[in-house]
Amino acid sequence: MIRVSNLKKYYGKHRGVEELSFEIHPGEIYGLIGPNGAGKTTAIRSILGLLKRDTGSILIAGKRVPDELENVKPDIGYLPGEVNYYGDMKVKDFLSFNRKFYESVDTTYESELVDYLDIDIQKKFKELSQGNRKKVGILQTLVHRPKYLVMDEPTNGLDPLLQEKLYDLLAKEKEHDRAILFSSHILSEVERLCQRVGVIKQGYLIREFTIDSLKEFASKRVTVVGLKKADRLKQYEVVEEGQDRVTFSVKPSDLQEFLKEISSVSFDDIEIKNPSLTEAFMEYYSGSEQL
């Protein structure tokens, strides 16, 4: 388990994170979501011992970070948003170098990852595109079969095909009971991968949700076709209007009353949809209290 409790980190007078607390359990992908600058990377670098916290505690497998980090470091895999290595080193030489950091690396699994990710091991890093450097970063993150994965904006620089491969690899890691922290501002991938999300705003974790409960929190989109006497529903927000249809934003708590009211007017058809995670997040995030 990864456990962050009341983490505080400031850069001089500027807040990085404040009173940040969350847990990630084995077999879970936890999404840390928020726009750039919200504090996601500060939290991740503190978890990895790359930043010294001001106050609070961080435990990985019961070991204190950074005090006991060396005891758990071999069980951590980290993929940053930007991957940079030694420019004049060939990928094959880097893989050999990387093996020396661990007691044992399954070279068969390493070869499988090389093939699956289509990595050209004969090239030097300075000859690789951003996406191809990221492939090597994915391999380095996974090759020692870590129990704890920390992914900071991991799909930066990846084309759609490689994104799908990363999603597939992470799903398999989850099946092997890995605890995975997945930081992203791309909400569609969080919706696809994560079981729980923490919403971070201006350094604070303002709320945790399951994916389903975050959608349920947000207003539903109710599209009514052929609506007559729309003024009867003027208290509800109209988010889209076409020639023969109107789409309303209706809070879950108001849905029953909305349906009662619309049953008294003439219309041809009605469709009720849950919002996407993007819609749900933006509605919650913009409506939450400023800190």
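Tabulated data for the structure shown
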{"quantity": "Efficiency of FRET between LYS90 and MET1 - r from beta-carbon atoms, R0 22 angstrom, step 0.05", "calculated": "0.05"}
{"quantity": "Within a Gaussian network of the chain (alpha carbon springs, distance under 10 Å), most fluctuating of GLU173, GLU153, GLU103", "calculated": "GLU103"}
{"quantity": "Neighbourhood net charge (11 Å Cβ-Cβ; Lys/Arg +1, Asp/Glu -1) for ARG3", "calculated": "+1"}
{"quantity": "Local net charge near TYR86, Cβ-Cβ under 14 Å (Lys/Arg +1, Asp/Glu -1)", "calculated": "+3"}
{"quantity": "Per-residue Cβ neighbour rank within 10 angstrom, fewest leading, HIS14, HIS185", "calculated": "HIS14, HIS185"}
{"quantity": "Distance (nanometres) between label positions extended 7 Å along Cα→Cβ at ASP159 and ASP268", "calculated": "4.4"}
{"quantity": "Estimated Rh, the chain: Kirkwood, alpha-carbon pairs, angstrom", "calculated": "21.4"}
{"quantity": "When each of LYS134/LYS165; LYS40/LYS73; LYS201/LYS273 is checked by Cα-Cα distance, pairs over 18 Å", "calculated": "LYS40/LYS73; LYS201/LYS273"}
{"quantity": "Gaussian network model of the chain, Cα within-10 Å springs - most flexible of LYS251, LYS172, LYS260", "calculated": "LYS260"}
{"quantity": "Potential lengthening between GLN256 and ASP177 on full extension [0.36 nm per residue; Cα-Cα distance subtracted]", "calculated": "24.4 nm"}
{"quantity": "Fraction of beta bridges assigned by DSSP in the chain that are antiparallel (%, nearest 5)", "calculated": "65"}
{"quantity": "Gap separating the Cα centres of segment 91-114 and segment 213-263, nearest whole Å", "calculated": "56"}
{"quantity": "Sites SER104 and TYR10, calculated FRET efficiency, Cβ-Cβ separation with R0 45 Å, nearest 0.05", "calculated": "0.65"}
{"quantity": "Greater than 30 Å apart at Cα, pairs in LYS63/LYS123; LYS174/LYS251; LYS100/LYS135", "calculated": "LYS63/LYS123; LYS174/LYS251"}
{"quantity": "Selected from GLU241, GLU112, GLU82 as most flexible by GNM, with the chain as the system and alpha-carbon contacts under 10 Å", "calculated": "GLU241"}
{"quantity": "Globularity index of segment 73-140, i.e. its alpha-carbon radius of gyration over 2.2 N^0.38 Å", "calculated": "1.05"}
{"quantity": "Sequence-distant aspartates and glutamates (8 or more away, or on other chains) whose Cα lies within less than 20 Å of LYS172", "calculated": "GLU28, ASP75, ASP106, GLU110, GLU112, ASP115, ASP118, ASP152, GLU153, GLU164, GLU189, GLU191"}
{"quantity": "Residues of type aspartates and glutamates that LYS13 reaches as a straight line, Cα spacing below 17 Å, ignoring anything fewer than 8 places off in the same chain", "calculated": "ASP54"}
{"quantity": "Order of VAL17, VAL190 - criterion: other Cβ atoms within 10 Å of each residue's Cβ, fewest first", "calculated": "VAL190, VAL17"}
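Every read-out reported here was derived from the displayed coordinates using simple, explicitly stated rules and does not represent laboratory data. Remember, it's a predicted structure, so these values are computed and weren't measured experimentally. With ideal geometry, Cβ positions are generated from the backbone for all residues, glycine too; neighbour counts draw on all protein chains shown.
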